[in-house]
Amino acid sequence: NNVFSDKENPLPHMLPDPASFQKECRHLGISADSHIVVYDNTGVYMSPRVWWMFKVMGHKNVSVLNGGMPLWVKKGLPVEAFKIRKYKKGDFLANFNPKAVSKAEHVLENIQSERALVMDARSAGRFKGTEPEPRAGLPSGHIPKSVNLPFTEVLHEGKFKPREKLKEIFKSLNPENNPVIFTCGSGVTACILYLANELAGKIEKSVFDGSWTEWVHHKDHPIHREPEKK
């Protein structure tokens with residue numbers, strides 16, 4: 001949120017430009033040959049977003065620690081107190097991959113073309129329009145012709161479900177293995193689905209970076225809601 005995002009964009013934590021990303025990576029001592037292991041303090045939540053950002057920027061040698069810090073601590077593995085460190089400047093090179101990112105205009109066009117399947121990682125209530133969005137002022141509902149797969153469905157106790165189970169989940173929603181555009185509230189949990197799908201098998205896919213927050217920012221974008229049950 002503080003460094004690796006586009007501060008000029010009014011939308012939350014959008015991708016920074018490649019030059020800025022490269023500069024900040026070098027500042028952290030990250031180099032072109034670095035193997036990066038990403039983890040977070042909840043198990044699997046923000047770490048797939050960071051993993052995806054490195055993939056977008058062309059860095060192949062990046063992993064997510066499945067289970068994150070909670071499982072690490074539970075297993076009694078070593079930890080240390082926070083230390084301020086100075087790093088030798090790295091030589092990280094950003095090589096932007098536009099195919100891994102979808103923009104609002106791509107998603108809008110896809111409603112008609114249906115070239116890709118749009119898969120939404122938000123809760124069923126938010127997707128259906130029966131529960132409010134956590135961000136004040138945003139309507140709930142979903143992009144027309146999209147399908148819902150809450151990100152919690154690919155996780156179990158803070159870890160990704162086994163590969164075979166993930167294959168079953170995605171096959172049930174996308175039997176033809178069509179290209180997929182993953183979306184969510186603001187581009188974070190969509191990356192959980194993106195990584196889960198990567199574990200399940202290699203297909204063409206991208207993340208709608210601005211996701212629902214950007215979609216409803218455009219007042220002319222259509223919103224679908226489930227009809228209320230009588």
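Averaging Cα coordinates gives a centre for region 7-50 and one for region 56-89; these two points are 13 Å apart. Calculated accessible area for region 78-179 comes out at 66 Å² per residue, all protein chains present (probe 1.4 Å; ligands, DNA, RNA ignored). Neighbours of residue 52, meaning other residues whose beta-carbon lies under 12 angstrom from its beta-carbon, give a summed charge of +1 when Lys and Arg score +1 and Asp and Glu score -1. Helix 163-173 and the long axis of the chain differ in direction by around 30°, with both axes built from C-alpha atoms. When nucleic acids and ligands are ignored and a 1.4 Å probe is applied, residue 123 ends up with an accessible area of around 40 Å².
What a 1.4 Å probe finds exposed on region 1-102 is 55% carbon and sulfur by accessible area, rounded to a whole percent. If both residues of a DSSP beta bridge must be in the chain, then about 20% of such bridges are antiparallel. Using only Cα atoms and rounding to the nearest 10 degrees, what angle (0 to 90) does helix 47-56 make with the longest principal axis of the chain? That works out to roughly 90 degrees.
As a rough guide to protection, the peptides 191-202, 78-89, 18-29, 163-174 ranked by mean Cβ packing within 10 Å, highest first, stand as 191-202, 18-29, 163-174, 78-89.
Report, in listed order, any pair from 128/165; 99/205; 99/159 with a Cα-Cα distance greater than 18 Å. Exceeds cut-off: 128/165; 99/159. Under a cut-off of 18 Å between alpha-carbon atoms, report the lysines in cross-link reach of residue 88, not counting same-chain residues fewer than 8 places apart. Filter leaves 23. Entry note, the chain: the mean residue ellipticity at 222 nm calculated from DSSP H runs of n ≥ 4, each adding -39500 (n - 2.57), is -9000 deg cm²/dmol after division by the residues and rounding to the nearest 500. Sorting the segments 66-76, 51-61 by their residues' average number of neighbouring beta-carbon atoms within 10 angstrom, most packed first, yields 51-61, 66-76.
The values are calculated or read from the model by the stated rules, or taken from the named source; none is laboratory data. This one's a predicted model, so the numbers in the text were calculated from it and none came from an experiment. All Cβ positions, even for glycine, are placed from backbone atoms using ideal geometry, and neighbour counts span all protein chains on display. For the accessible areas, the whole protein counts, side chains as well, though only heavy atoms, and no ligand, DNA or RNA atoms are used. Shrake-Rupley method; radii C 1.70, N 1.55, O 1.52, S 1.80 Å.
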